[in-house]
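What follows is a set of notes on a single structure, which appears directly below.
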Amino acid sequence: MPDDDVDDRLRAVQEALAASVEKLFESDDWRSALTTAARFHNFSFDNTLLIYSQHQQAFSDGLVAAPEPSMVAGFRQWRAMGRQVLRGQHGYKIFRPNRIQWREVQDPASGEWRRLARTERTQPGLAVRQRSRLNEKKPFDLATVFDISQTDGEPIPEPPRPQLLVGSAPQGLWEGLAKQVAAHGFALSDARSAATIGGANGVTNWQDLTVTVRADMDDASRTKTLSHELGHLCLHDPRKPDGTVDLAVAMSVTRGVKEVEAESVAFLIGAAHGMDTSDYSLPYISTWASREEGLATVRQTGTRVIATARRVLDQLPTAQWGSGQPPGLDQRLEQQRQITNQQRDRHGRVLYSRRDRLPRPAAIREAVR
């Protein structure tokens with residue numbers, strides 16, 4: 001495909017993203033954006049908006065029955081899961097990093113790594129590694145994904161949904177969050193009531209390096225508060241290398257945006273664990289983003305929030321759901337890689353056809369005959 005065509009497609013998707021952010025700003029509903037992001041926390045904020053807006057258009061056009069997307073994957077990924085994209089369905093365009101990839105081989109004598117030429121073959125027994133870097137001239141390209149409602153085939157297992165008692169927190173969540181608070185160098189303590197910490201549910205003290213949470217709340221509320229304070233630790237550290245507070249850094253982000261970001265991180269962590277998020281205090285966009293800088297602020301905040309929540313979730317030993325991808329996808333892809341490797345000849349060529357590598361499920365084969 002000519003470069004001009006690719007650039008035009010990239011510009012079209014960028015314009016669609018800008019329109020989605022504009023629509024979000026006009027709706028003044030930050031909660032709806034985070035509710036969508038909670039289903040797709042493995043995806044960037046920009047891609048979440050793109051998936052949602054394109055699915056809404058497909059629903060309006062009568063192409064999909066589900067009003068909201070639930071999980072997405074690429075064409076080959078769905079085939080790996082035993083499903084086939086239905087005829088007439090159009091994929092959703094999202095951004096993906098455009099990486100330059102190459103292989104390196106290690107010299108057994110010196111231990112140094114050397115880049116392999118594109119068509120160069122390695123000698124048996126030599127160590128080879130895959131390397132990549134972001135293309136600086138064109139850091140992003142486009143990828144196409146399909147929602148499960150656009151596919152048919154083998155049933156997909158339901159993602160794990162923790163069963164919670166009213167007022168309880170998921171098993172291990174408090175301990176996992178507390179461990180991350182400690183990793184930031186902060187001591188965690190209890191306050192007998194809100195009155196002892198200025199009427200708040202929790203407080204982070206950058207000078208004393210303490211995080212304090214009310215003790216007179218149920219487990220779920222305490223865990224939510226701890227998630228909120230951890231969001232501050234991850235996003236709003238104003239300290240200099242010598243440990244003193246840098247006032248310029250502390251004031252570079254308004255208190256309103258800081259609270260939105262910390263509460264949004266807590267919202268995403270709670271949603272990933274099946275916790276009730278109805279009482280999260282997420283303000284309207286107009287209260288923390290000015291109209292002049294609104295679109296940039298909304299995108300920046302969404303990006304920071306999702307990236308932070310993902311880092312926190314990745315370090316937790318808890319059952320989670322809402323990644324936005326089919327459960328078990330990585331395992332299926334790894335199984336196929338192993339099968340492919342087993343069926344290569346000594347020159348690295350696959351010994352069977354592409355058609356055989358990803359066979360259609362029996363139900364699909366029957367349907368398309």
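The values are calculated or read from the model by the stated rules, or taken from the named source; none is laboratory data. Just so it is clear, the structure is predicted and the values come from calculations on it, not from any experiment. Cβ placement follows ideal geometry from the backbone for every residue including glycine, while neighbour counts extend to all protein chains displayed. When the accessible area is computed, the model is the full protein with side chains, heavy atoms only, and any ligands, DNA or RNA have been set aside. Shrake-Rupley method; radii C 1.70, N 1.55, O 1.52, S 1.80 Å.
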Quiz item: Considering only protein heavy atoms, what is the solvent-accessible area of VAL203 at a probe of 1.4 Å, reported in Å² to the nearest 10?
Solution: 50
Self-check item: region 173-331 shape via C-alpha gyration tensor axes, a/c threshold 1.5
Solution: rounded
Quiz item: Can you list the GluC sites (Glu not before Pro) in region 109-211 that are in a DSSP coil and have 15 or fewer other beta carbons within 10 angstrom?
Solution: GLU112, GLU120, GLU136
Quiz item: How far apart, in nm, are two points set 7 Å out from the Cα along the Cα-to-Cβ line at TRP102 and at ASP29?
Solution: 5.0
Quiz item: Are there trypsin sites (Lys or Arg not before Pro) in region 23-106 that DSSP puts in a loop and that have at most 14 other Cβ atoms within 10 Å, and which ones?
Solution: ARG87
Exercise. Specify the residue with the greatest mean-square fluctuation among PRO69, PRO124, PRO157, computed from a Gaussian network of the chain linking alpha-carbon atoms under 10 Å apart.
Key: PRO124
Practice problem: May I ask you to derive the relative contact order of the chain, considering only C-alpha pairs under 8 Å and at least 6 residues apart, and to give it as an integer percent? | Solution: 23
Quiz item: Under the classification rounded if a/c is under 1.5, otherwise prolate if a/b is larger than b/c and oblate if not, where does region 5-76 fall, given a ≥ b ≥ c as square roots of the Cα gyration tensor eigenvalues?
Solution: rounded
Quiz item: ILE148: net charge of surrounding residues, Cβ under 14 Å, Lys/Arg +1, Asp/Glu -1, itself excluded?
Solution: -2
Quiz item: Could you give the nm distance between label points at LYS240 and THR287, where each point is 7 Å from its Cα heading toward the beta carbon?
Solution: 3.5
